[in-house]
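Derivation of every value follows stated rules applied to the coordinates shown; laboratory data play no part. All values derive from a computational prediction rather than experimental measurement. Cβ sites come from the backbone with ideal geometry, for glycine too, and all protein chains shown count toward neighbours.
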Amino acid sequence: MVDSQYILPNDIGIANLDCAEAFRLLSPEEQLYAHYLSRACWYGGLVVLLQTSPEAPAIYALISRLFRAQEPAQLGELARSLGLSDEEYQAFLVYAAGIYANMGNYKSFGDTKFVPNLPKDKLKKLVWESQAFKEHPKEMEALWGRCGELMFSLKPTQKHLGLSGQGISTYFSANCSMEDAKLAQEFLDSQNISAYNTRLFKTKAGSKSCYEVRLASVISDDSHLDDEMRAKLKCFEFGGCDFTVTRGDYASLLEKVVENLQKALPHAANTTQAEMLTHYITSFKQGSITAHKEGSRCWIQDKGPIVESYIGFIESYRDPYGSRGEFEGFVAVVNKAMSAKFARLVAAAERLLEELPWPRAFEKDAFLKPDFTSLDVLTFAGSGIPAGINIPNYDDIRQKDGFKNVSLGNVLSVAYSTQKEKLTFLAEEDKDLYIKWKGPSFEVQVGLHELLGHGSGKLFVQDDSGAFNFDRDAVINPETGELVRSWYRGGETWDSKFSSVASTYEECRAECVGLYLCLNKEVLRIFDLRGEDAVDVMYINWLNMVRAGLLALEFYTPESGTWRQAHMQARFVILRVLLEAGKGLVSLHRITGTDGKPDAIISLDRSKITRVGKPALKRFLCKLQVLKSTADVVGGRALYEAYSAVTDDEPERFLTLRQTVLLRKEARKLFVQANTRLEGENVVLVQYDSNAAGLIRSFRDRFPEDAEFLEQQLLELAQADAHFWAS
């Protein structure tokens, strides 16, 4: 029996991401704009396969060829004739759907590998008897040879994404350690090269280590480059090692991205959108993060578009070092009713920022009011779909130019629907209230988290000219009572400085801001919550957070002492802070469930949230911000890692509780997304059933003209670098 944490259950929730009404209301020109942007996103999303594991492209190609040759129902009939049970074939359908939904064979939320929940010999027999094999036996046999063993393998180093013998990562060659990643970051900082669109490959020449920093781009030589990019593409000596910066990673896939961005250009709603797309095209052609930053500045300035979109190497959660971005692209349509509430929150933001528990000098000089909209997602290509986003992630742009917030309404409505019988770790008296208010409470939390969490706080910086963005002779560190003694220097960023802890630390800070400010009655009125309803939403928001802190234990790996998911680590830290506050605020009880198996109940005393919870959160949140503002990596890591520690110490015994959490965990839902296709001059929306077969069909139809070409490109790109991960 395979450990349940490494499989997707047959009854996993699969939901349709409905956007039909939002798409119908678009004008023909807006539909064309959304169509070509979606095409660009889907092509770019294939890059994630190459960013996930060495075998992911081959698994994708194998599954795609099976279902392009035969419908899921037809392949099911064949499976039954070969002796596979209905449960075994359903397990294969769920596995295939999981590969598509996660863009690889590791869960997007938790970075744990998942394997097919059926015998390997039965799956191999199905492949060998399939129509795809009959049509192309040599190609299918070769594909199985590339991924058949790895698809099922659960060797210790293959169970999770990671570095240094703790997991697999295709952001780095297999011989790279955390020390190599740190040295490479120092080199990149010295040359003012962003890590976002890079991978690192290590070789040796004698006793000397040599590194290739590979930029993602269409162009692989030094043609058509501006002077800045040309200066970066050469060999450097740094730290006693040789570094070579090259281009051309993912070239054939990015070429398709560029092609569709160019097709979207004539349908842009205004010159700002057109300029934005032009910068993105330059970025993907040349491998230039500078160009992507310029596109991001245009994106910030494009206020209130009907069709909203962002694309590029964005989130660094899955880089074990924490600075390389996974490809992501989304296209969505504004939900005007919910967006009006967020607009009111933006209008109140400057007043609300004054309530945050750090001195005024630690806040940005001016709050740059962003767009904050609720969107119905049409397309979200990448490894997973979040509930809300605050972007861009470039520190310098966020500090000087601003940012945008988006809440993904049709994701929220599906992801946070809850059935009472599946609610774990809550007292019976809390369950009905939780079900009633979880959705509204999460809308409040997402709004505060994205706008005033990620949107708040100043970084103290000394730029390359030596100028400071704060008064060194006046700003006092409230934790020490002394003048600020540390700051960021030219080329250093939050991600590069705090590296592997940066993402989760920042998510924790943003979550704390949401909890802290949801106690404000003005905030609750903005979301049309008053009286007892407002009090209940506040309570459920805090209860949801402490429950999430317990659920987070699923994403901790005891063998390596590491966390696999930034948000869940953040929620565990918050649970620890609130438990530490004492006075009966939060209680954890280990019990025996009605099924006779271990269980637990977590409870929150709502009468103590304001007088015990709020002061504890205030102290902790202030520490987080001060350490972040002052670039105090040593202090920040010490604080955060202490609260992140999972032990079996009394009274909580978290390691023991982790077994209970694993026993009762529920798999995250998978989303089925629509396709758009051209029929003459019209764009048609094609939707699919909300089951594994529907999700598979959506991907089968996603690349009707060039599926075989794309699969071949993925296989060639993966094969070219296979020696970097050969065991």
- [ ] Any chance you could run the full-extension gain for Thr656 through Lys263? It's 0.36 nm times the residue separation minus the Cα-Cα distance, nm to one decimal.
- [x] 135.9 nm
- [ ] Could I have the simple spin-label model distance between Lys597 and Glu149, label points 7 Å from Cα toward Cβ, reported in nm to one decimal?
- [x] 3.4
TODO: Please find the FRET efficiency linking Arg619 to Ser207, where r is the Cβ-Cβ separation and R0 is fixed at 60 Å, and quote it to the nearest 0.05.
DONE: 0.75
TODO: Could you go through the stretch 177-188 in sequence order and give the Karplus-derived ³J(HN,Hα) for each residue, using 6.51 cos²θ - 1.76 cosθ + 1.60 with θ = phi - 60°, rounded to whole Hz, and x for Gly and Pro?
DONE: 9, 4, 5, 4, 4, 5, 4, 5, 5, 5, 5, 4
Task: Cα lying deepest toward the dipole's positive end in the stretch 193-282, options Thr282, Ala251, Gln262, charges on Cβ - done: Ala251
Task: Semi-axes of the equivalent ellipsoid for the stretch 605-659, Cα gyration tensor, largest first, Å - done: 24, 21, 6
Task: Extension gain, Ile435 back to Ser417 (0.36 nm per residue minus Cα-Cα distance, nm) - done: 5.7 nm
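Sorted by mean Cβ packing within 10 Å, highest first, what order do the peptides 698-707, 472-481 take?
Details: 698-707: 16.9, 472-481: 12.9.
Output ranking for 698-707, 472-481: 698-707, 472-481.
Set the Förster radius R0 to 35 Å, insert the Cβ-Cβ distance between Glu428 and Asp689 as r into 1/(1 + (r/R0)^6), and round the FRET efficiency to 0.05. Don't skip to the answer; put the middle values down first.
Numbers: r = 35 Å, r/R0 = 1.00.
The pair Glu428/Asp689 has a calculated efficiency of 0.50.
Please figure out what share of the DSSP beta bridges in the chain is antiparallel and state it in percent, rounded to the nearest 5. Could the numbers behind the result be given before it?
Working: 50 of 67 bridges.
Of all bridge pairs located within the chain, approximately 75 percent are antiparallel.
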TODO: Quote the convex hull volume per residue of the stretch 512-594, based on C-alpha atoms, as a whole number of Å³.
DONE: 143
Open item on the list: Relative to 2.2 N^0.38 Å, what does the C-alpha radius of gyration of the stretch 354-396 come to as a ratio? Two decimals please.
Closed with: 1.65
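First obtain the Kirkwood hydrodynamic radius of the stretch 281-361 from its Cα pairs, then insert it into the Stokes-Einstein equation at 4 °C and 1.567 mPa s, and state the resulting D in µm² per second as a whole number. If you can, show how the numbers build up before the last one.
Numbers: Rh = 15.8 Å.
For the chosen part, D equals 82 µm²/s.
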Open item on the list: Which order do the peptides 668-678, 640-650 come out in when sorted by mean C-beta neighbours inside 10 angstrom, highest first?
Closed with: 668-678, 640-650
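Quick check on my link table: of Lys159/Lys623; Lys113/Lys420; Lys113/Lys364; Lys438/Lys583, which ones sit more than 31 Å apart, alpha carbon to alpha carbon? Before the final figure, lay out each step's value.
Numbers: Lys159/Lys623 35 Å; Lys113/Lys420 29 Å; Lys113/Lys364 41 Å; Lys438/Lys583 26 Å.
Pairs exceeding the cut-off: Lys159/Lys623; Lys113/Lys364.
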Open item on the list: What is the ratio of the Cα radius of gyration of the stretch 656-727 to 2.2 N^0.38 Å, with N the residue count, to two decimals?
Closed with: 1.73
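How fast does the chain diffuse by Stokes-Einstein, in µm²/s, taking the Kirkwood radius from C-alpha pairs at 37 °C and 0.692 mPa s? List each step's numbers first, then the result.
Details: Rh = 26.5 Å.
Using the Kirkwood radius from Cα pairs, D works out to 124 µm²/s.
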TODO: Kindly provide the pair-distance distribution of the stretch 443-575 built from C-alpha pairs, with 10 Å bins from 0 and whole-percent values in order of increasing distance.
DONE: 11, 30, 30, 22, 7, 0
Task: Viscosity 1.306 mPa s, 10 °C: Kirkwood-radius Stokes-Einstein D of the stretch 328-438 over Cα pairs, µm²/s - done: 96
Open item on the list: Once each part is reduced to its C-alpha centroid, what is the distance from the stretch 4-48 to the stretch 415-462 in angstrom?
Closed with: 24
- [ ] Please compute the Cα-Cα pair-distance distribution of the stretch 386-454 with 10 Å bins starting at 0, giving whole percents from short to long.
- [x] 19, 38, 26, 12, 5
- [ ] Using label points projected 7 Å from each Cα along Cα→Cβ, tell me how many nm separate Lys665 and Asp221, to one decimal.
- [x] 5.0
- [ ] Under a cut-off of 18 Å between alpha-carbon atoms, report the lysines in cross-link reach of Lys134, not counting same-chain residues fewer than 8 places apart.
- [x] Lys122, Lys124, Lys125
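To the nearest 0.05, what FRET efficiency results for Glu354 and Glu479 with a Förster distance of 22 Å applied to their C-beta separation?
Working: r = 20 Å, r/R0 = 0.91.
Rounded to the nearest 0.05, the efficiency is 0.65.
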Task: For the stretch 104-159 and the stretch 704-718, distance of Cα centres in Å - done: 18
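On average, how much area does the Cα convex hull of the stretch 107-163 cover when viewed from any direction, in nm²? Intermediate results must be reported in sequence, preceding the final value.
Details: hull surface 19.4 nm².
Quarter of the Cα hull surface area: 4.8 nm².
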Task: Rg [Å, one decimal], Dmax [Å, integer] - the stretch 482-640, C-alpha atoms - done: 17.7, 59
Task: Set Lys234/Lys628; Lys107/Lys422; Lys341/Lys618; Lys208/Lys497; Lys256/Lys336 screened for pairs whose C-alpha atoms are more than 30 Å apart - done: Lys234/Lys628; Lys256/Lys336
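Give me the Å³ per residue figure for the convex hull around the C-alpha atoms of the stretch 456-498.
With only Cα atoms used, the stretch 456-498 gives 89 Å³ per residue.
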Open item on the list: Nearest 500 deg cm²/dmol is fine: what mean residue ellipticity at 222 nm does the chain get from its DSSP H runs of n ≥ 4 alone, each adding -39,500 (n - 2.57), divided by its residue count?
Closed with: -14500 deg cm²/dmol
Open item on the list: If you build the convex hull over the alpha carbons only and average its shadow over all orientations, what do you get for the stretch 386-527? Give it in nm² to one decimal.
Closed with: 11.8
Open item on the list: Whole-Hz ³J(HN,Hα) for each residue in the stretch 461-472, computed from phi via Karplus 6.51 cos²θ - 1.76 cosθ + 1.60 with θ = phi - 60°, x for glycine and proline: what do you get?
Closed with: 10, 10, 7, 4, 7, x, 6, 9, 9, 8, 8, 4
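Using only the Cα atoms, work out Rg/Rh for the stretch 550-646, with Rh taken as the Kirkwood radius, to two decimals.
Details: Rg = 15.4 Å, Rh = 15.1 Å.
Answer for the stretch 550-646: 1.03.
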TODO: Equivalent ellipsoid semi-axes for the stretch 207-270, as square roots of 5 times the alpha carbon gyration tensor eigenvalues: give them largest first, rounded to whole Å.
DONE: 32, 13, 9
Task: Nitroxide proxy distance, nm - points 7 Å out along Cα→Cβ at Gln719 and Asp471 - done: 6.6
Task: Label point 7 Å beyond Cα of Ala73 along Cβ direction - residues of the stretch 685-725 with amide nitrogen under 14 Å - done: 689, 693-694, 697
